[in-house]
Amino acid sequence: MFVAPYAFISFFPAAFLFGKSGWEYYGWLAPLVVIYAMLASIYIFQRGLVKYESAGH
């Protein structure tokens, strides 16, 4: 199971190591985006569980 998407794990460190400028501020915002996406997915999953109806009895 992945906590953060692969793009957040690999892009910003690689941009730093290769000296690409202009991405520093976005890199600091990446943890906030990951937390927001995680909370949104938990919310959507919980809503789906409440509305789930089994195909059986």
Among trypsin sites (Lys or Arg not before Pro) in the chain, those in a DSSP loop whose Cβ has at most 16 other Cβ atoms within 10 Å are K20
In the list (i) 5.3; (ii) 4.9; (iii) 4.0, the entry giving mean projected area of the Cα convex hull in nm² computed from the coordinates is (i)
Candidate cut points under chymotrypsin sites (Phe, Trp or Tyr not before Pro) in the chain, DSSP loop plus at most 15 other Cβ atoms within 10 Å of their own Cβ, are F2, F18, W23, Y52
For the chain, longest principal axis from Cα atoms; helix 24-51 axis from its Cα atoms; angle between them, nearest 10 degrees, is 0
With Cα coordinates, the longest principal axis of the chain makes an angle with the long axis of helix 6-17, in degrees rounded to 10, of 10
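Any read-out appearing in this document is the output of simple, stated calculations on the displayed coordinates, not a laboratory observation. For clarity, every value in this text was computed on a predicted model and none was experimentally measured. Glycine gets a Cβ as well: all are built from the backbone with ideal geometry, and neighbour counts include every protein chain shown.
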